[in-house]
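Okay, so here's the structure we're looking at.
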Amino acid sequence: MRVSMKWLKQYINSNVGPEELAEILTSGGIEVGAVECLNKGFKDVYIGEIKAIHPHPDSDKLQVCLVQIDTKELTIVTGATNVLQGDKIPVAVPGAVLPGGKEIQPTELRGIPSNGMLCSDKELGIESVGLDRSKGGILILPSDAPVGKKLEDYLELDDHVLELELYPNRPDCLSMVNVAREVGTLLGVQPSLPEWAQGEVPVWPEDIKQKVEIENPDLSWRYAALLVDDVVIKPSPLWMQNRLRAAGIRPINNIVDITNYCMLEMGQPLHAFDRDKLNGTIRVRLASQGEKIVSLDGTERKLDSDMLVIADDRGPVAIAGVMGGLDSEVTDKTTKILFESAHFLGASIRRTSRKLGLRSESSSRFEKGVNPYWAVPTLGRVAELLIELEAGNPMSFTEKVCYLPPAVQIEVSLNRVNKVLGVDYTSQEIEKVLDALNFAYKQKQEDIFLVDIPSYRQDIKIEVDMIEEIARVIGYDRIPTTLPAGAQTGGRRTPEQAFRLKLRKTLIKCGMNEVVSYSFVKKESDQIWGSDRGNIPLLNPLREELGTMRTSLLPGLLEIASRNSARRNMDLLLFEIGSVYLPKELPLTALPEEVTRIAGLAQGGDKRHWLVPQAKYDFFYVKGILSEIAKESGVQFEYRRVEGSKYKTLLHPGRSAEIFIQGINIGVVGEIYPQLDQEWGLQRPVLFELDFAQLFKESNQTIIAKSYPRFPAIQRDLAVVVPKDIPAEKIQKRVFELGGELLKEVEIFDVYQGHPVPEGHKSLALTMRYQSAERTLKDEEVNALNSNILSGIQQEFGAEWRK
Amino acid sequence: MREEIQRIKEKTLAELEKVNLMEELQELKVKVMGKKGSLTSLLKQMGGLSPEERPIIGQVINEVRTQLEEAWENQARNLEKKALARRLEEERIDISLPGFYLPKGHQHPLSKVIEEIEDIFVGMGFTIAEGPEIETDYYNFEALNLPKDHPARDMQDTFFITEDILLRTQTSPVQVRTMQKMKPGLPVKIIAPGKVYRNDDDATHSPMFHQVEGLLVDKGVRMSDLKGILLYFSRQMFGESREIRLRPSFFPFTEPSAEVDVSCMLCGGEGCRLCKGTGWIEILGSGMVHPRVLESGGYNPNEVTGFAFGMGVERIAMLKYGIEDMRLLFDNDIRFLEQF
Ligand SMILES: [Zn+2]
């Protein structure tokens, strides 16, 4: 809602400035988004009249105008071609300033002195002013524009507009009258409002010929019509045009302008029908399926059976509360009018407007809620203006009322106000607030008020609404700061939340960077990487490639990696912890499962350093990170080659594994399948994805400390050559078994293939740590154990001892 | 023989002077005083001397021996010193070279801010609740006093999956879910961080973003308590000298409702670019839980009251780290992420 200060001050006697008022309103709960000065920055621009136009003797693109301002006559050279002798035009005289700071100086154009400049609307920063001929050229003002007057005064641009950003609970402030009430309350000033603004109901003779019917009283509570004869269509007076322009509405003609002006005053949308184009009874009814109407904007609209229309005997003449029909539009030839002032249910108008993709001043007001009590008083104001503007004669009236919401009375207890807010207001303070609000009230007891809520405040329904009203008028600053007096509670994360945080920190410790990606992804990528159970599409995605709820975190990571790689960020260690959305059935009839996953992507290698060779972010690097996760979770991961699952074609079959904890599959790790990486612009990234819930279920985070042995350990290394297909882990495990209980640890510290190791073989170097809790071990017994191991694996794997 | 002794002494001392290495020093010692050394062999010839001469010559040899040993030791110390000096010289490194690189990962600024907010409220006795991101219309709107076709639904552009299932537009549905789970237990004292979704995308809006919801329901909860809790939070989050102010606002699920501003962390309230000259920065929406929401949760609004608040994590992250474009938070460029 755009509120002109000049307009407001017709009702409010105060010299408060626009900025100050903006602040007062904002801290009172009516947010002012912007304060706009209507004059966009011009100075000393006068209305002039063109007395004569001559061609420039030295140029066929220029003209020389003789312009009269007041008693002075100025010679001005212009390049404009749209001006005629006798036109009233804005003249920037020497010394004038235009928006943007341009200053006008006397000058000479090809030998002819020019003392000023004729201006276009664009140069002045104004809109919807002037004759049609102004388009693309000099602004040509109406012929009655007073020569010599400052343009700023003529158009009342010495005004400020407050742009109210209204919350949906205050549609009452879509009315200048109610804004004046609100300003009055917050400033502590009684607004002076005319009688029509106080709900006075005018009386006209009832029209017996024009019948009105409401077929759907649940969707339309009231329909009132004022019938007007002897209509003369002409421009509305300048003052009205100026007010409308300030409010952001383009002046059209006296009738349309009156409907808009009264709507701005009272908040009640109005519509004017050409009565000669109407036939028979006016009906408020639902459209029949497929019924058509050409709306005022010239578009043919197909209607649904849940859309409310205004119809006459022949068919729809308006889409109720949204837009009138072209057929019954008021034109220059109109002489008889029916003014509609009605109530339509917000929800219905909202649905219709949405379905048709058609919004109007009227529909946006009805959606938010219009006060049905003001339908007829607004028509009273229309009648008053018709007469004042000599635009027509209000003759008769007809109306149908189905329902009016009952008056609301609220009991407000001082004790309750103070308890809810934590304040200590007195009864006197409450009385003061109620007086400032102009709400009538009785005191049941000294501290219990019975408050009558005026019909225009539909937002106040129960006591807490009044408590807010009292708090905001007194000011939220008066509320002190306290701490809750209730029982103390111990706050903590649940074990699951704590575990999730721990894993996040673990991955960060491992050098991984956390990313956050959108939960919706491209359908195709999710189908490739995600669940076989199908994925959940959005009905109204932002973009097609954000149209599907993910069932895997991997496409998101690939996308991020791809974006980074395109920017030459090639070395990546990324992870994300987030939900995937697994439908129980499709289309959804119940909420899907939301499952937390941990996923990662590694590509490239660590930062190159002069001291050490670069570590590559390959399968084993990632496996190392996973073993940190396993360690933090207190579990052992078991890796099995991917067989049979869809990962067979997504991950390199020789460089991937499914991950198990005690036989339960909890995820997958592997290098991307050859060539798939190129589709993403990546270079052999390694991916993993784990199911957090499973991991949490299997995790064991209990730590039981053991003391360390007092006797020294003996370490032995052993290098063997084995056929290359035997998994190292298998040998490692067997060695551990063969070593008996004194062997505490076996680690693989080197793997080598190539000369001099024979073809088809690899060399493994193991280190073994022997230790006893009871005694210091002797070399001889360790040697015996070692050779036992060696002969064991020689027999079993055909291993050769490598000296 | 005396001359012979004297000659060995002088020759040895002269050679000693020239010795540069510890090994040479040792060799020389063996050559003179070893089993077959020149001085040792003189000692062996003493048998041929007269009994009178023997002790005298013996003493002379011993004296020379002592002198030589002293000289050796001196020279040995010298050599050690030289060797040490040489080693120090040789082991000199270019200390300007970069130190060893320790790989370090980074937490995403959003999860960092959420963790920080969680810690502050956990410290005040709140527990952390969670709820689904794919929600029913009932929990996201209706239970929060937002019936179908309510104009306030326009405040949030919703992503729909079916007519009744949608992506939650706010973390507020967790309020009702938690109350329903806990009723009639008191107090209900939770925060609920999580992802929310709105059909919007520009420099200040992202179609997915994060909120942290807060809820306290108990007997006798006051709006002044809300103010107290949020003042404490703001000071923990943005610095000890912060102040807050409440402005009347509107949310369907709170009444009274308040927008909360914190005094500008950049200028301290004097007015600057960050706070657009006002000295205040809007950080969250809040209010007293609407009686109808308490009823949805299964509590009697005549017996309990509550406050609720909700804050945008992106906004707080942007304020805290001076991020100007929200899209950076979801772009995930590692050059951006590595700053946190
Ligand atoms: Zn500031």
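Which value, in debye to the nearest 20, describes the size of the charge dipole of the stretch A:17-134 about its Cα centre when Lys and Arg Cβ atoms bear +1, Asp and Glu Cβ atoms bear -1, and nothing else is charged? Please report the intermediate quantities before stating the final value.
Details: 10 positive and 18 negative charges, 109 e Å.
The dipole magnitude comes to about 520 debye.
What a 1.4 Å probe finds exposed on the protein assembly as shown is 49% carbon and sulfur by accessible area, rounded to a whole percent.
Evaluated with a Cβ-only charge set (Lys, Arg +1; Asp, Glu -1), chain B carries a dipole of roughly 1420 debye about its Cα centre, given to the nearest 20.
Between the helical axis of B:53-90 and the longest alpha-carbon principal axis of chain B there is an angle of about 30 degrees. Of the residues B:121, B:306, B:318, the one whose Cα sits farthest towards the positive end of the charge dipole of chain B is B:121 (charges of +1 on Lys and Arg Cβ, -1 on Asp and Glu Cβ, taken about the Cα centre). Per residue of A:339-349, other chain Cβ atoms within 10 Å of the residue Cβ number 1 on average. Using 0.36 nm per residue and subtracting the Cα-Cα separation, the extra length available between residue A:502 and residue A:190 on full extension is 106.1 nm.
Residues with beta-carbon under 11 Å from that of residue A:51, excluding residue A:51: net charge, scoring Lys, Arg +1 and Asp, Glu -1? Please report the intermediate quantities before stating the final value.
Numbers: positive: none; negative: A:49, A:73, A:87.
That sum, taken over residues with Cβ under 11 Å, equals -3.
Solvent exposure of the stretch A:714-801, expressed per residue, is 59 Å² of accessible area, with all protein chains present and a 1.4 angstrom probe.
Note on the stretch B:2-90: with charges restricted to the Cβ of Lys and Arg (+1) and Asp and Glu (-1), its dipole about the Cα centre is near 200 debye.
In percent, rounded to a whole number, the relative contact order of chain B is 15, using alpha-carbon pairs under 8 Å and six or more apart. Taking chymotrypsin sites (Phe, Trp or Tyr not before Pro) in DSSP loop states with no more than 14 other Cβ atoms inside 10 Å as exposed sites, chain A has its longest site-free stretch at A:1-402. Between the C-alpha center of the stretch A:352-405 and that of the stretch B:280-326 there is a gap of 38 Å. In this entry, the stretch B:202-262 is assigned a mean projected area of 5.8 nm², taken as a quarter of its C-alpha convex hull surface. Spacing of the modelled spin labels on residue A:208 and residue A:614, each 7 Å from Cα toward Cβ, amounts to 9.9 nm. Around residue A:552, what is the net charge, scoring Lys/Arg as +1 and Asp/Glu as -1 over all other residues with Cβ under 9 Å from its Cβ? Residues near residue A:552 contribute 0 overall. Computed with a 1.4 angstrom probe on protein heavy atoms, the B-A interface buries about 7500 square angstrom of accessible area in total.
Of B:69, B:295, the order by accessible heavy-atom surface (1.4 Å probe, DNA, RNA and ligands excluded), from most exposed downward, is B:295, B:69.
With a sphere of radius 12 Å drawn around the Cβ of residue A:479, what net charge do the other residues whose Cβ falls strictly inside it have (Lys, Arg +1; Asp, Glu -1)?
It works out to a net charge of +2.
Ranked by the mean number of other Cβ atoms within 10 Å of their residues, highest first, the peptides B:27-39, A:158-170 come out as A:158-170, B:27-39. Ranking A:348, A:578, A:266 by Cα position along the charge dipole of the protein assembly as shown, where only Lys, Arg, Asp and Glu carry charges on their C-beta atoms, puts A:578 farthest toward the positive end.
In chain A, the calculated helix contribution to ellipticity at 222 nm averages -7500 deg cm²/dmol per residue, counting -39,500 (n - 2.57) for every DSSP H run with n ≥ 4. Burial of accessible area (probe 1.4 Å, heavy atoms of protein chains only) in the stretch B:254-292, relative to its chain alone, reaches at least 50 Å² for B:255, B:256.
Among the chymotrypsin sites (Phe, Trp or Tyr not before Pro) in the stretch B:47-134, those placed in a DSSP loop whose Cβ has at most 16 other Cβ atoms within 10 Å are B:100, B:101. Normalised radius of gyration (Cα atoms, divided by 2.2 N^0.38 Å) for the stretch A:687-803: 1.32. From largest to smallest, the equivalent ellipsoid semi-axes obtained for the stretch A:394-507 from the alpha-carbon gyration tensor read 45, 25, 13 Å. Where does helix A:375-388 land angle-wise versus the long Cα axis of chain A, in degrees 0 to 90, nearest 10? For helix A:375-388, the angle is close to 40 degrees. Annotation note: GluC sites (Glu not before Pro) in the stretch A:408-450 located in DSSP loop regions with a Cβ neighbour count of at most 11 within 10 Å are A:446.
Take the Cβ-Cβ distance between residue A:13 and residue B:245 as r, set R0 to 45 Å, and report the resulting FRET efficiency rounded to the nearest 0.05. FRET efficiency, residue A:13 to residue B:245: 0.90. Modelled this way, with points 7 Å down the Cα-to-C-beta line, the labels at residue A:43 and residue A:72 are 1.6 nm from one another.
Start at zero, step by 5 Å, and the Cα-Cα distances of the stretch B:51-126 spread as 3, 10, 7, 7, 6, 6, 6, 5, 5, 5, 5, 5, 5, 5, 4, 3, 3, 3, 3, 2, 1, 0 percent across the bins. Measuring nothing but how far apart in sequence close Cα pairs (under 8 Å, 6+ apart) lie, relative to its length, the stretch A:495-698 scores a relative contact order of 19 percent.
Return the Rg/Rh ratio of the stretch A:495-698 with Cα-based radii and a Kirkwood Rh. Expressed as Rg/Rh, it is 0.96.
Using the empirical formula 2.2 N^0.38 Å as the baseline, the Cα radius of gyration of the stretch A:212-401 reaches a ratio of 0.95. Per residue of B:328-340, other chain Cβ atoms within 10 Å of the residue Cβ number 5 on average.
Distance between the modelled labels on residue A:606 and residue A:147, one decimal in nanometres: 8.9 nm (7 Å Cα→Cβ projection). On a per residue basis, chain B carries 46 Å² of accessible surface, using protein heavy atoms and a 1.4 Å probe.
Loop-located trypsin sites (Lys or Arg not before Pro) in the stretch B:226-334 (DSSP state other than H, G, I, E, B) with a sparse environment of at most 12 neighbouring Cβ atoms within 10 Å: B:273, B:276.
Using every pair of distinct Cα positions in chain B, the Kirkwood expression returns a hydrodynamic radius of 26.8 angstrom. Of the whole protein surface, residue A:334 contributes about 0 Å² of accessible area at a 1.4 Å probe radius. Entry note, the stretch A:714-801: relative contact order of 42 percent, from Cα contacts under 8 Å with a spacing of 6+ residues. Which one of B:216, B:22, B:205 has its Cα pushed farthest toward the positive end of the charge dipole of chain B, where Lys and Arg give +1 and Asp and Glu give -1 at the Cβ? Going by the charge dipole, the pick is B:22.
Mind checking B:103-115 for the average number of partner chain beta-carbons within 10 Å of each residue's beta-carbon?
Details: counts 8, 6, 15, 7, 7, 9, 2, 2, 9, 1, 0, 0, 4.
Per residue, the number of nearby Cβ atoms from other chains is 5 on average.
For the Cα trace of chain A, dividing Rg by the Kirkwood Rh returns an Rg/Rh value of 1.17. Using r as the Cβ-Cβ distance of residue B:327 and residue B:276, and R0 as 25 Å, what FRET efficiency do you calculate, to the nearest 0.05? Given R0 = 25 Å and the Cβ-Cβ separation, E is 0.75.
The values are calculated or read from the model by the stated rules, or taken from the named source; none is laboratory data. Please read these numbers as outputs of a predicted model, since none were measured by experiment. In this analysis, Cβ positions are derived from the backbone assuming ideal geometry, glycine residues included, and neighbour counts consider all displayed protein chains. Heads up: the accessible areas ignore ligands, DNA and RNA and are worked out on the full protein's heavy atoms, side chains in. Shrake-Rupley method; radii C 1.70, N 1.55, O 1.52, S 1.80 Å.
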